[in-house]
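The values are calculated or read from the model by the stated rules, or taken from the named source; none is laboratory data. Here the structure is a predicted model, which is why all the values come from computation and not from measurement. Methodologically, a virtual Cβ is constructed for each residue, glycine included, from the backbone with ideal geometry; neighbour enumeration extends over all protein chains shown. Side chains are part of the model used for accessible areas, which takes the heavy atoms of the whole protein and leaves out ligands, DNA and RNA. Shrake-Rupley method; radii C 1.70, N 1.55, O 1.52, S 1.80 Å.
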Amino acid sequence: MLKIFMLITLISMHFSMAQTLNINLSGKYETKQNIEYTLAQTPNEAVSQLEGREWFKDKKSFSSPKYTNHAYWARIKVKNLLNTSQTYYFKSENQFTYLIDYYLVKNKKVVTHTRDGSISKNHNRAFNSNHMLFTLDMEANAEAEVYFRIRNYNKINIDFELVTQDYLLDFYQTYNLIEGLYFGGMMLMVFYNLFLYFLFRISAYIYYILYAFWLSVYFIGLFGFAERYFSSYTNVFYISSGAFFVFLTLFIQSILDLKNKLPEVHKFLNLFIGYFILTTLLNVYCLKMELFIYAQLLFNLFFLLLAVYAITIIATTYYLAFYHKDKIARFYSIIWSLLALMGILLPLQYLNIINIDIPADYIFQFLTLVEILFFSFILAHNINIIEDEKKKHENMLVQQNKLASMGEVIGMIAHQWRQPLSEINGVILNMDMDYRKKELEANKFNNYLDKLENITAYMSETINDFIDYFKHDKKVEEFSISELIKGTLNLISSTNKKNIKITYKKHPEIILNSYRSELIQSLLIVINNAIDACNIQDKTKSPEIIIFVVPTKTHTIIGIKDNGSGIPNDIIDKIYDPYFTTKHKSKGTGLGLYILKMIIEQGIQGKIEILSTEKHTTCKLFLPNSVTIRDTIKE
């Protein structure tokens, strides 16, 4: 019985001990089955002090918090089965590793010692690699032991691969290409969204830019580029892990409009922002002071609450997507679900809670790039939607401006028709008198009819002018500038109650291809403003409005000059702002010049120039001789 027990014990000890790594012609070797661990008694413990130490297949026996400030040892036994000498490399991705001391032991003597990590970078890395590489020179049929003394979060596994030089050359060609595409894509999206921010000034864009920037910084540190190119800025890369969460949260709050749609969730996420900032700063301090026990506690707490954070974000996006029919939330509910899955897998792998042999780091990196690319495309699509909404809103303002002046227009029609109707009444009265006196001869009757025809033609022309003004179908028409201006002056005569002198200077006949109705509205706005300015000027002056036309090769300039009260310098930059007015509320809405700018610059692709002094104000409308037909908005 005793023999059986001893046999079982020996067998279990055999399988509990790590196997020797046998190397032959393969280019890559995994070391998980060959690595064993033991706890370091002091931070600077030497290899010679490990004699008789008990080794374990994992770090569970010393992963409790009381051992957090201790370094630990990892050992791999290697045997070269080839009849030739070979050079190999132990490769490890940094993952913010604090410090690794590498010892190559042959015949119980240390023949190589290399130190690397975030606080003591090896500046002589092979291939100038961003990964930690430790050289292993093996003679033919020789055996050796390698030791790694590691200072890091003790629960995080630091995996090593043994690879050949040829393998590394092939690996880095592919690796650098993929990472170059990733970081190049990230930078392009950062500049693209920065351009959109300056274009639209939407706060979500700036949050997204900072999120993408800090996420890139995080991956630069995670995949070792920090140690390769920015070894003096280690703390920046520690900060990045919290910074990108802060700006991601701000972006989510902004793009989903949580403050208005879900105010309680908005407040809850504010708590996470404070938490991310606080834990990140504390973590940097603990690492700087080598307080690993506290850094480990912060690390565990960070990833524990990160799961709560991820569930909150995913639940919020699904709620908005399917209950509020939010298209942006619908997209993010899918992409963020995948990101959250990978984001949770990362800490679970780091903490050895699960052991899944998938490159979660790289999958997470790829998904973040996909998310940023898709979001940029969504923004581009939303810009078109915003532009359409803007056009509809502007068109509505134009029509509201016309409808608001409906009473005034009816007054114009009454004023325009009062005199012709009186004339018609007079002609009919004369005809009746001549008829009764039997003096209505054929010639005289024809003269009366001609006069009536002229009067009704004038009335018909007046109606046409008003119809042109109220047209809803925005079509490019061919018309004469003089007819346009005369028709506008005909409409405006009733508003010129003080009979301010309006002089229309002669010019060559000019034909335009443009939007007749909108140009009439534009001229009405400018001339009415000129009349208002002349009405409030000093009575000693002789108020006058001069209209002139200047043709050029590409444009026709219509100028309206008045000698009324000028525009003060302190407000001239505000005159195009919507709802800005210097008139009493009962006389002005502040939309006139805003609509004028909208019609001329956006609708007709022209330009407005207003120059003002104390004595004169001149408004020039630069109208293209031919307007490109634009998409019309349905009323």
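Within the range 157-171, the presence of at least one residue that is assigned to a helix (DSSP H, G or I) and within 30 Å of ILE372 (Cα to Cα) is confirmed.
Which of the residues spanning the range 192-226 are among the polar types (S, T, N, Q) and open to solvent by less than 10 Å² (accessible area, probe 1.4 Å)? Once the filter is applied, which keeps residues that are among the polar types (S, T, N, Q) and open to solvent by less than 10 Å² (accessible area, probe 1.4 Å), the range 192-226 yields ASN193, SER216. With respect to (1) surrounded by fewer than 22 Cβ atoms within 10 Å (Cβ to Cβ); (2) part of a helix (DSSP H, G or I), the lone exception for THR316 is condition (1).
When LEU287, LEU248 are checked against the criterion of being open to solvent by less than 30 Å² (accessible area, probe 1.4 Å), at pLDDT 85 or above and in a helix (DSSP H, G or I), LEU248 stands alone in meeting it. Under the condition of being without any contact (Cβ under 8 Å) to a residue 12 or more places away in the chain, touching an Asp or Glu at 6+ places or on another chain (Cβ under 9 Å) and more than 21 Å from LEU168 (Cα to Cα), the residues counted in the range 108-148 number 2. Inclusion of THR552 among residues that are at pLDDT 85 or above, surrounded by fewer than 20 Cβ atoms within 10 Å (Cβ to Cβ) and not small (Gly, Ala, Ser) is warranted.
Scanning the range 591-611 for residues that are open to solvent by less than 40 Å² (accessible area, probe 1.4 Å), part of a loop (DSSP other than H, G, I, E, B) and modelled with pLDDT of 80 or more yields ILE604, GLY606. Summed over the range 22-55, the residues that are of a type in the set (Phe, Trp, Tyr) and either at positive phi or without any contact (Cβ under 8 Å) to a residue 40 or more places away in the chain (or both) give a count of 2.
Inside the range 423-442, residues that are at pLDDT 85 or above and surrounded by fewer than 10 Cβ atoms within 10 Å (Cβ to Cβ) make up a count of 0. Of the residues in the range 176-191, not one is modelled with pLDDT under 85, open to solvent by 40 Å² or more (accessible area, probe 1.4 Å) and either closer than 30 Å to THR20 by Cβ or of a type in the set (Ser, Thr, Tyr) (or both). Taking each residue of the range 571-582 that is under 13 Å from ILE595 (Cβ atoms) and open to solvent by 50 Å² or more (accessible area, probe 1.4 Å) and looking for partners that are aliphatic (A, V, I, L, M) and modelled with pLDDT under 65 with beta-carbon atoms closer than 7 Å, six or more apart or interchain, yields PRO578/LEU591; TYR579/LEU591.
Among the residues of the range 264-276, those that are open to solvent by less than 80 Å² (accessible area, probe 1.4 Å) and either among the aliphatic types (A, V, I, L, M) or outside any helix (DSSP H, G or I) (or both) comprise VAL265, LEU269, ILE273. Is it fair to say ILE328 is under 27 Å from ARG151 (Cβ atoms), of a type in the set (Val, Ile, Thr) and assigned to a helix (DSSP H, G or I)? Spelling it out, it is not the case that ILE328 is under 27 Å from ARG151 (Cβ atoms), of a type in the set (Val, Ile, Thr) and assigned to a helix (DSSP H, G or I). What do you reckon, is LEU104 in contact with a helix residue (DSSP H, G or I) (Cβ under 7 Å, 6 or more places away or on another chain), free of Cβ contacts under 8 Å to residues at least 60 places away in the same chain and among the aliphatic types (A, V, I, L, M)? Here the answer is no, as LEU104 does not meet what is asked. Among the conditions (1) open to solvent by less than 30 Å² (accessible area, probe 1.4 Å); (2) within 21 Å of THR368 (Cα to Cα); (3) not basic (Lys, Arg), LEU305 misses just one, which is (1). Of the residues making up the range 142-170, those that are open to solvent by less than 60 Å² (accessible area, probe 1.4 Å) and farther than 28 Å from GLN296 by Cα are ALA142, ALA144, GLU145, LEU162, VAL163, THR164, LEU168.
Of all residues in the range 612-626, those that are open to solvent by less than 20 Å² (accessible area, probe 1.4 Å) have Cβ atoms under 7 Å from Cβ atoms of residues that are hydroxyl-bearing (Ser, Thr, Tyr), 6 or more apart or on another chain, in LEU621/SER522; LEU623/SER514; LEU623/THR556; PRO624/THR554.
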